[in-house]
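**Student:** Have a look at this one.
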Amino acid sequence: MSRRELEALTRRYVAEIIDAIGPEKDVPAPDVNTNDQVMAWVMDTYSMHVGHTSTAVVTGKPLELGGSVGRREATGRGVMIVAREAARHLGFDIKGASIGIQGFGNVGSVSADLLAQAGARIVGVTDWKGGVYNGKGLDIPKLLEHARMHKTVDGFPGGEPLTNEQLFALEADVVIPAALENQITVENAPGIKARIVVEAANGPVTPEANNILQQRGVFVVPDILANSGGVTVSYFEWVQDRYGYFWEESDVNMRLEKKMHEAFHAVLQMSLKYKVDMRTAAYIVAIARVGTVTQLRGMYA
Amino acid sequence: MAEHGSIFRAMLQEFDEAARLLHLDPGIWKILTHPKRQIIVSCPVLMDSGEIEVFTGYRVQYSITLGPAKGGIRYHPDVTLDEVTALAAWMTWNVAP
């Protein structure tokens with residue numbers, strides 16, 4: 001679709017759901033194929049309807065109109081934090097660990113960049129077109145530049161070609177699916193050699209594949225924990241918009257680090273207490289929280 | 001996604017296991033396994049070709065128990081109400097914020 005068509009679609013969609021959204025009701029954000037420009041159109045359309053500028057109706061906006069520093073990197077930063085904590089829990093250091101990543105969009109690319117900065121070796125990356133492998137560790141700044149120019153990691157000169165099947169069978173310490181749903185299935189789950197799988201995408205492991213990974217002792221950091229950095233900084237953006245005061249990037253990152261660290265260890269403690277995997281433990285934490293408030297608020301009628 | 005079945009049902013499987021271990025109250029269990037609100041809209045758009053195209057849009061607010069609903073806008077030809085409902089539920093179960 002052209003830019004004009006995307007803008008028309010966005011404004012029409014917002015107009016259709018206008019009664020349902022608002023800073024106190026429902027706050028949209030970017031997802032697959034939507035970005036900060038689309039969020040700017042959401043904000044403008046809503047503001048035109050209510051008759052005043054309302055930045056807190058949507059998050060993931062450009063910095064110039066109420067966005068938050070650190071928002072773009074937030075999901076990837078959260079992925080880096082939980083990967084680091086998971087490695088520490090299993091008794092190794094993320095520094096020097098080898099990592100394979102599926103997906104090089106906003107989440108995959110930022111995760112790769114931050115993990116490389118933390119000293120990890122990113123040995124394989126695949127995307128919609130192809131992939132690249134380098135056992136010594138890919139040069140991530142150069143790969144980011146290549147992906148920016150060619151819209152894919154495929155054909156990157158600093159490594160050899162890599163398929164998705166090869167990525168999931170890599171001799172790596174950590175594998176990070178950062179693309180779409182249902183990528184690790186009964187077909188490729190038995191071949192996974194990594195000790196840790198970090199679900200940066202939503203639902204990348206099918207329930208059957210999850211059972212296989214559990215039986216094989218793979219430590220899976222579930223999506224509702226692993227990719228919650230994005231919604232956390234979206235929450236920070238909403239707070240800053242309502243407060244009318246904007247934080248430094250170091251403040252955003254420090255608060256995100258604290259939230260993700262707490263969340264990881266709350267889930268880990270729950271998993272040890274109930275002797276269940278991290279996914280079930282994460283659901284226990286979440287259900288207990290929402291269930292308690294539901295009970296306290298009562299049924300209304 | 002159709003060949004893998006319902007994504008929302010996969011979410012419910014994950015939910016049920018945890019709810020059982022928690023001995024979740026059956027009434028609360030029912031509430032938490034139903035989306036609060038699902039909206040379907042048709043969005044007519046005048047395309048560059050001069051033709052009118054109608055796009056179907058969804059918005060699911062799974063829970064507003066803890067505060068406002070929150071979640072992404074996804075532009076993809078394969079988007080379904082089932083997928084959006086699952087994504088909305090996962091937003092509710094997000095652990096960190």
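The values are calculated or read from the model by the stated rules, or taken from the named source; none is laboratory data. Not measured: the values here are computed from a predicted model. Cβ: placed from backbone, ideal geometry, glycine included. Neighbour counts: every protein chain shown.
**Student:** Filter the helices (runs of 4 or more DSSP H) completely within the range A:205-301 down to those with at least 3 residues that are without any contact (Cβ under 8 Å) to a residue 24 or more places away in the chain, of a type outside the set (Phe, Trp, Tyr) and closer than 19 Å to A:Val175 by Cβ.
**Tutor:** A:207-215
**Student:** Go through (1) more than 25 Å from the chain's Cα centre (by Cα); (2) loosely packed, with under 15 Cβ neighbours inside 10 Å one by one and return the number of the condition A:Thr294 breaks.
**Tutor:** (2)
**Student:** Let me ask you something else. Any residue in the range B:82-93 that is facing chain A (nearest Cβ under 9 Å) sitting within a Cβ distance under 6 Å of a residue that is crowded, with 23+ Cβ neighbours inside 10 Å and charged (D, E, K, R)? List the pairs, counting only those 6 or more apart or interchain.
**Tutor:** Short answer, once both residue conditions are applied: B:Met91/B:Lys70.
**Student:** Please find, within the range B:52-76, the residue that is nearest to the other protein chains (Cβ to nearest Cβ) out of those that are in a strand (DSSP E or B) and without any contact (Cβ under 8 Å) to a residue 12 or more places away in the chain. So that I can check it myself, show each step before the final result.
**Tutor:** Narrowing the range B:52-76 to residues in a strand (DSSP E or B): B:52-61, B:69-73.
Keeping just the survivors that are without any contact (Cβ under 8 Å) to a residue 12 or more places away in the chain gives B:52-53, B:73.
On the way: B:Ile52: 11, B:Glu53: 8, B:Ile73: 5 Å.
My answer is B:Ile73.
**Student:** On the given criteria, is A:Pro204 over 26 Å from B:Pro68 (Cβ atoms), in contact with a strand residue (DSSP E or B) (Cβ under 9 Å, 6 or more places away or on another chain) and not small (Gly, Ala, Ser)? Steps first, please.
**Tutor:** On the way: over 26 Å from B:Pro68 (Cβ atoms): yes; in contact with a strand residue (DSSP E or B) (Cβ under 9 Å, 6 or more places away or on another chain): yes; not small (Gly, Ala, Ser): yes.
Yes.
**Student:** Shifting gears a bit: Just one of the numbered conditions (1) of a type in the set (Val, Ile, Thr); (2) out of contact with any helix residue (DSSP H, G or I) (no Cβ under 8 Å at 6 or more places or on another chain); (3) in a helix (DSSP H, G or I) is not true of A:Thr10; which one?
**Tutor:** Result: A:Thr10 passes all but (2).
**Student:** Additional query: Identify, from the list A:Ala20, A:Ala29, the residue that is buried (at least 20 other Cβ atoms within 10 Å of the Cβ) and either in a helix (DSSP H, G or I) or modelled with pLDDT of 95 or more (or both). Working first, answer last.
**Tutor:** Values: A:Ala20 fails: buried (at least 20 other Cβ atoms within 10 Å of the Cβ).
Of A:Ala20, A:Ala29, the one residue that is buried (at least 20 other Cβ atoms within 10 Å of the Cβ) and either in a helix (DSSP H, G or I) or modelled with pLDDT of 95 or more (or both) is A:Ala29.
**Student:** If you scan the range A:188-236, which residues turn out to be within 19 Å of A:Tyr283 (Cβ to Cβ), of a type in the set (D, E, K, R) and more than 9 Å from chain B (Cβ to nearest Cβ)?
**Tutor:** A:Glu199, A:Glu208
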